[in-house]
Amino acid sequence: MSAPAGSPHPAASSRIPPKLGGAAASGAAAPAGPGPGPHQQNGPAQNQMQVPSGYGLHPQSYTAPSGHYSQGPGKMTSLPLDSQCDDYYSGLYRVPTQNVVTPNAASPQPGAQQMYGSVPPAPHVVGSTLGSFQVADTLSCSVMQNVQPPKSSPVVSAVLSGASSTRTPPAASRPVEPLASVARPSELLQQKGMQYGEYVNNQASSAPTPLSSTSDDEEEEEEDEEAGVDSSSTTSSASPMPNSYDALEGGSYPDMLSSSASSPAPDPAPAPAPAPAAPQPSKVAKPFGYGYPALQPGYQNAAAPLNSGVPPGSPAYSGFQQYAQQYPGMNQLSSSLGGLSLQSSSQPESLRPVNLTQERNILPMTPVWAPVPNLNLDLKKLNCSPDSFRCTLTNIPQTQALLNKAKLPLGLLLHPFRDLTQLPVITSNTIVRCRSCRTYINPFVSFIDQRRWKCNLCYRVNDVPEEFMYNPLTRSYGEPHKRPEVQNSTVEFIASSDYMLRPPQPAVYLFVLDVSHNAVEAGYLTILCQSLLENLDKLPGDSRTRIGFMTFDSTIHFYNLQEGLSQPQMLIVSDIDDVFLPTPDSLLVNLYESKELIKDLLNALPNMFTNTRETHSALGPALQAAFKLMSPTGGRVSVFQTQLPSLGAGLLQSREDPNQRSSTKVVQHLGPATDFYKKLALDCSGQQTAVDLFLLSSQYSDLASLACMSKYSAGCIYYYPSFHYTHNPSQAEKLQKDLKRYLTRKIGFEAVMRIRCTKGLSMHTFHGNFFVRSTDLLSLANINPDAGFAVQLSIEESLTDTSLVCFQTALLYTSSKGERRIRVHTLCLPVVSSLADVYAGADVQASICLLANMAVDRSISSSLSDARDALVNAVVDSLSAYGSTVSNLQHSGLIAPSSLKLFPLYVLALLKQKAFRTGTSTRLDDRVYAMCQIKCQPLVHLMKMIHPNLYRIDRLTDEGAIHVNDRVVPQPPLQKLSAEKLTRDGAFLMDCGSVFYIWVGKSCDSNFIEDVLGYPNFASIPQKMTHLPELDTLSSERARSFITWLRDNRPLNPILHVVKDESPAKTEFFQHLIEDRTEAAFSYYEFLLHVQQQICK
């Protein structure tokens, strides 16, 4: 959609000086600003980043997470509605401040056309009309326009065919039309539409201020937007307007408890609300007028005493009341576990002592599944899938002291937006939430009677709304416990306008492409343009979807794709020190209205820069321009970069010393060299724009600095080392398949996510790609199905008064179709009082993934050696604590409970992973990318990175096979990662997550080689084989079926390498055999002896 001209310039206030963050910093944290930091409830106080004056027109300070990765900042005051909306929305939406959010459904919302139709004025054209850049038909004529700022600047020079220029333009074979210079009125620089003010920096004030009644109300309303409004928490027209996403997804009502689920530490006491503080009728939805039958007198959704004699089928025992809990009485609570106390029953398998030094085959033959919490059977059925929500301990210790004794990490692993085959979508007008902690109603609440329910996080009693009494599935009344919200732990709500700070944005995609000589030589443009052409109609979106393109080398090239043009126009801005948008209203266009022009451009781009001699890269200025272009709406920026940025803001120098790649000492430069990219990412996050980075490099490109653009804007990072479309065809194929997934996968825009937990628990550190907007609110400009998150927990108050704790994550986002939605996951876990039960419930895979995230932070904030020591100490401390407190066995070996028997193996695997290994040659960018993956990969994919799976595939059979989509998939047993398992007469497949290796032994059966690989014998197998041929043999069908099954649902398409025994390529394969000894690292057995030695000290 091309917007009409004549409205304010969208990015006029975002002028960015050319040299930002000039002082190089080895760490990721920005320099701490003067003055006290914000009040910190849960985590370490954050540093405040000082922004150079003149960086846009934004406030002078940012509050950014400390360290290289985001951690939870302190609680700050809510945003003043007037200043935020005035700064952020007035220039864009032209609606009164008070009406940015309209709680009354009858009030009209600005339509999408009205909202996004406000665009900058058409630039004043001096001289003749703009010539067009001819790219159709022959693709040989390229008349470029050199766009000039209003001042007569020598910086901008006409780039014409035949004109003298340091830059060689695309060849032109047609007559050149006169060029027009575009003037930029200076007064446009004063527009406020681009400021996001406190929108992201709501924590950036130098000192905390007490929460006023207004800010408290605003904060509660923000949570309403992430959570929805229920009749017990419905916002009336008299309520304050939400003014930021923290209000949409956070806060509490004035009569809130002193400790909310999402912020266990006490908040400053809220001042009385202007309205009466007693029961708040204004917050309760009006009855719908139906006469519901009264519930039976015996209906209580609390746990029935074990001796009650009430059969499950009786009317008084409806639904899930048999396991619901009444707080805080322990007698009733114990029944909710169904009498499954670990102490009273025989010792569970997870507590069986294992002598690690004597048990050689510690790795199971089948994949390790998540442990099932020790709950009543009905609770187990209702609990959240571990693929979405997983805790490192499935038995939660009663106290922090008990957790400290266990020496195990406590945290959550989340995959909140993963692709689901079944997802209950609820379109009810009533979204029921606790009035205190704003928890969504879920399967683990208690119904006290027909009209009241008790929150399972803060224990407040809430009213059941009238509408909630009607069950749309059964079309019956009086059975709220049978509603889908109370029968499913993962649900998605369609949110009303009360959950919007602005009308839902359209899907907007901007592609920013490096076209320097290095990029053209690598050849990625052909693959990208072809992928876009193939998937243009599959981009998520609706009729409002918008798309734009920018290219850059030492200058920045914009493309006018306005509907009605016969060919795309190319506009060149040479003034990279003061970037501006030449025609702001025609650079992002409606995908469907301008589809033919877009296709013309994509067909032309691969050949336009074939003869370029430009070697420089002005990535920073290109990103500044992209920020200006995207700010009015938000969306996704996809950046393709092939080298170190060498010009303008954000330029970088090479910091890698190749001679230090194998160092066993200090590994330097794991943090960014400049804070430019972090600051830009925070700006983008404030305008709901995420930046995804595709780094296709043949040499060091300082990923540690460049990655910040994605980390803090909730973007993704893709890395293709040694990329070349002909010299490295496997990487080229990987890019093509990754792009197909990237372009077509589901996407959510302008999202926020909040995690809540039972009173007494608190969160203190978050891991992933996001910006922490308040203590526990994660700002996600984009959310995708491949993004994972982690959070560390602590126990602030004793949990002795409850036998169950719950965790709930709520993700509020705008779908690509323009719907505001809320996805909610709820997890329920038992509370235990004995150390043995804590160990019995340990989830070793979740623990190792959380420790990996913590180790990345330690590597950057301290040193790699400190992180490695901490990982070893995690094993030593936990097994030492187990041996001295739980295990009564007096063995000379190393004893671990069965639940932790793989803990030392997984830690050793981490120590040998690219992110943390020493003594093995590792390129700095490779190491940094591995750390980035650890921070943002969901557990299921991260575990394959840490500990690959090895299978023997030359003897695949249908025994134990599974059936998937009408094909039979063999299930060979897992092999331990040791060369002793490799036999010369076999073939083995190693699944490393992003890479598959097939190792073929020298004496491998020739039938397998011929039937699966398609070659007559071992000698004829080529050195660089990356595909299995489709052969009409049973062995080929089984092997391809198994590999296809492994490949399915991967965020990154794995490359396949066939490795011959004794070939040079086997080195990389053998590096993944983590149980074997290397020159720089222990074997698994040696590591066990080392751990045992440390315990005995």
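The values are calculated or read from the model by the stated rules, or taken from the named source; none is laboratory data. The structure presented is a predicted model; accordingly, all values stated were derived computationally and were not measured. Methodologically, a virtual Cβ is constructed for each residue, glycine included, from the backbone with ideal geometry; neighbour enumeration extends over all protein chains shown. Side chains included, ligands, DNA and RNA excluded: accessible areas come from the protein's heavy atoms. Shrake-Rupley method; radii C 1.70, N 1.55, O 1.52, S 1.80 Å.
The calculated FRET efficiency for LYS381 paired with GLN653, based on their beta-carbon distance and R0 = 56 Å, is about 0.45.
The figure for TYR499 is an accessible area of roughly 0 square angstrom, using a 1.4 Å probe on the protein chains alone.
Applied to the stretch 987-992, the Karplus parametrisation 6.51 cos²θ - 1.76 cosθ + 1.60 on θ = phi - 60° returns per-residue 3J(HN,Hα) values of 10, 10, 9, 10, 9, 9 Hz, with x for Gly and Pro.
Rolling a 1.4 Å probe over the heavy atoms of the protein chains gives the stretch 496-539 an accessible area of 24 Å² per residue.
Calculation over all alpha carbon pairs of the stretch 428-534 in 10 angstrom steps from 0 returns a P(r) of 12, 31, 17, 10, 12, 13, 5, 0 percent.
Considering only PRO938, ILE1043, THR957, and ranking their Cα positions along the charge dipole of the stretch 936-1052 that arises from unit charges at the beta-carbon of Lys, Arg, Asp and Glu, the one farthest toward the positive end is PRO938. Going by accessible surface with a 1.4 Å probe and the largest first, TRP369, TRP453 read TRP369, TRP453. Ordering of 390-398, 474-482 by packing is 390-398, 474-482, highest average first (other Cβ atoms within 10 Å, averaged per residue).
Split the accessible area of the stretch 548-667 by element, probe 1.4 Å, and carbon with sulfur accounts for 43%. Ordering of 1023-1030, 850-857 by packing is 850-857, 1023-1030, highest average first (other Cβ atoms within 10 Å, averaged per residue). The residues of the stretch 955-1059 expose, per residue, 48 Å² of accessible area to a 1.4 Å probe. What FRET efficiency would be calculated for the residue pair ASP1061, GLU959, taking the C-beta separation as r and a Förster radius of 30 Å, to the nearest 0.05? The value I calculate is 0.65.
Taking each residue as 0.36 nm, the span from LEU536 to GLU819 lengthens on full extension beyond its C-alpha to C-alpha distance by 99.7 nm.
Between ASN611 and SER730, the modelled labels are 3.8 nm apart [label points 7 Å from Cα along Cα→Cβ]. Measuring between alpha carbons in the structure, the pairs from LYS380/LYS976; LYS407/LYS678; LYS912/LYS1066; LYS628/LYS678 lying more than 25 angstrom apart are LYS380/LYS976; LYS407/LYS678.
Using a probe radius of 1.4 angstrom, the carbon and sulfur fraction of the accessible surface of the stretch 365-445 is 54%. Rounded to the nearest 5, the antiparallel percentage of DSSP beta bridges internal to the stretch 433-564 is 65%. For the peptides 607-616, 693-702, the ranking by packing is 693-702, 607-616, with the highest mean count of neighbouring Cβ atoms within 10 Å listed first. Which one, LEU1088, GLN1071, PRO972, is farthest towards the positive end of the dipole of the stretch 968-1097 when Lys and Arg carry +1 and Asp and Glu -1 on their Cβ? It is LEU1088, whose Cα lies furthest towards the positive end. As a length-normalised measure over Cα pairs under 8 Å and 6 or more apart, the relative contact order of the stretch 903-1043 settles at 18 percent.
Within the shell of other residues whose beta carbon sits under 14 angstrom from the beta carbon of ASP419, the net charge comes to +2, with Lys and Arg scored +1 and Asp and Glu -1. Annotation: extensible slack from GLN358 through ARG1047 equals 244.5 nm (criterion: 0.36 nm per residue apart, minus Cα-Cα distance). Distance between the modelled labels on THR744 and SER476, one decimal in nanometres: 4.3 nm (7 Å Cα→Cβ projection). By accessible area, using a 1.4 Å probe on protein heavy atoms only, the stretch 783-853 has 41% of its surface on carbon and sulfur.
If you plug the beta carbon distance of ASP985 and ARG452 into 1/(1 + (r/R0)^6) with R0 = 56 Å, you get a FRET efficiency near 0.20.
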